Amino acid sequence: MTRVLSGIQPSGDLHLGNYLGAIRNWAKLQHTTDAFHPVVDLHAVTVPQKPGEIGEATLRMSQMLMAAGLDPQVCTIFVQSHVHEHSECAWLLECTVSFGELSRMTQFKDKSGRQEFVSAGLFTYPALQAADILLYDADEVPVGDDQRQHIELTRDIAERFNSRYGQTFKLPEAVVPAAGARVMDLQHPTNKMSKSLDSPRGTIDLLDDPAAVTRKIKSAVTDSDGEVRYDVAAKPGVSNLLSILAAAGDRAPAELADDYSMYGPLKADTAEAVIELLRPVQARFRELQADPAETSRLLAVGASKAQAVASATLQRARANLGLLTA
Ligand code: ATP
Ligand code: LTN
């Protein structure tokens with residue numbers, strides 16, 4: 001069975017872009033693959049955290065993933081820091097990647113430019129990500145376009161380790177969803193919807209209530225020619241609404257455009273579709289939130305399933321490298 005792994009940082013609540021572009025796809029894949037989904041709290045601490053907040057954010061992100069359709073009975077959801085093999089393997093991989101390779105990572109260049117304090121961990125972040133993937137012998141890593149470079153580096157690290165110490169790690173492939181799985185900010189439709197862009201009116205949070213969804217979609221930036229047409233370059237705002245409406249149902253955006261001659265009804269239908277899409281996710285989230293002990297129990301089961309796989313791979317890496325056995 002194909003092994004799939006993809007992680008998400010507990011760095012804020014999920015938004016519609018995360019859901020339509022990634023999580024919904026993970027929820028589908030879990031039925032046909034052997035899927036692992038860590039909440040990568042150790043990646044989140046590459047930037048300073050307020051004392052005590054990361055644990056709560058990790059629990060909340062785990063509940064959001066479950067609410068969004070990842071079923072802990074079907075796939076393996078766990079917390080990265082609960083499986084200590086990630087940090088141990090990351091060290092071996094840090095020693096297998098060069099300073100030059102890490103310096104070329106665009107996410108590091110972007111993020112370090114925005115930080116006052118640039119931690120060494122922010123620099124070596126891709127080695128920890130490589131450990132997340134390689135410990136599970138993952139065949140496929142479903143991610144957005146921005147992560148391609150990290151997956152390429154993961155392959156290079158695995159190849160180098162294998163050639164130095166013998167066959168140890170499997171080389172993974174990035175799986176990036178087809179174009180259209182990129183939800184844009186409602187106020188700045190040429191930017192992707194993102195948690196870190198400070199645009200609360202342009203971002204639909206998965207937990208937004210129906211009134212907030214309606215307000216944000218009604219005030220979405222369009223253009224002044226009044227024609228409903230799917231044309232991402234010339235009409236980014238209208239095309240984004242058509243893409244969201246399309247992703248919420250099962251028709252293509254260009255085909256949906258033919259049903260509308262004015263922006264008002266397009267916005268009203270898009271808002272309605274998003275509200276309906278989010279309703280069951282929000283209801284499940286409230287249920288999970290009411291019983292944090294149950295989520296913790298599910299995460300403990302996930303961690304032990306994950307650890308069984310990770311510890312065997314780490315053992316193989318230690319043996320091939322030739323570390324003295326204890
Ligand atoms: P940040 O803004 O903090 O960088 P983000 O909102 O971009 O975060 P990530 O946590 O980096 O999201 O990514 C989680 C997953 O969601 C990734 O696989 C990413 O490709 C996907 N994703 C993020 N934003 C969008 C978007 N606007 N449209 C489609 N997919 C997205
Ligand atoms: N770097 C990724 C999060 C991430 C990840 C992973 C994704 C950490 N470990 C392993 C896929 C596989 C991000 O910023 N979205």
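Residues of region 31-50 that are hydrophobic (A, V, I, L, M, F, W, C), within 10 Å of ligand 2 (Cβ to nearest atom) and under 19 Å from Asp139 (Cβ atoms): Phe36 alone. Taken as a whole, the condition of being touching a helix residue (DSSP H, G or I) at 6+ places or on another chain (Cβ under 7 Å) and either at negative phi or more than 11 Å from ligand 1 (Cβ to nearest atom) (or both) does not apply to Ile151.
For region 133-149, give me each residue that is aliphatic (A, V, I, L, M), more than 7 Å from ligand 2 (Cβ to nearest atom) and in contact with a strand residue (DSSP E or B) (Cβ under 7 Å, 6 or more places away or on another chain). Even if it seems obvious, please write down each step before you answer.
First pass over region 133-149, keeping only residues aliphatic (A, V, I, L, M): 133-135, 138, 141, 143.
If we keep only those that are more than 7 Å from ligand 2 (Cβ to nearest atom) as well, we get 134-135, 138.
If the condition is that a residue be aliphatic (A, V, I, L, M), more than 7 Å from ligand 2 (Cβ to nearest atom) and in contact with a strand residue (DSSP E or B) (Cβ under 7 Å, 6 or more places away or on another chain), then Ala138 is the only one that fits.
Checking each residue in region 31-57 for being closer than 19 Å to Phe285 by Cα and crowded, with 21+ Cβ neighbours inside 10 Å picks out His37, Pro38, Val39.
If I filter region 166-180 down to residues being at pLDDT below 90 and within 14 Å of ligand 2 (Cβ to nearest atom), which single residue comes out as nearest to Leu323 (Cα to Cα)? Reasoning before the result, please.
Just the residues of region 166-180 that are at pLDDT below 90, to begin with: 176-180.
Next cut, within 14 Å of ligand 2 (Cβ to nearest atom) only: 176-177.
Values: Val176: 37, Pro177: 40 Å.
So, considering only residues that are at pLDDT below 90 and within 14 Å of ligand 2 (Cβ to nearest atom), the one nearest to Leu323 (Cα to Cα) is Val176.
Among the residues making up region 51-79, those that are touching a Lys or Arg at 6+ places or on another chain (Cβ under 8 Å) and away from ligand 2 (no atom under 16 Å from the Cβ) are Met66, Ala67, Gly69. Within region 135-148, which residues are within 15 Å of ligand 1 (Cβ to nearest atom) and in contact (Cβ under 8 Å) with a residue 60 or more places away in the chain? Across region 135-148, the qualifying residues are Ala138, Glu140, Val141, Pro142, Val143, Gly144.
The values are calculated or read from the model by the stated rules, or taken from the named source; none is laboratory data. From a predicted model like this one, the values you see are computed outputs, not experimental measurements. Note: ideal-geometry Cβ built from the backbone for every residue, glycine included; neighbour counts use all protein chains shown.
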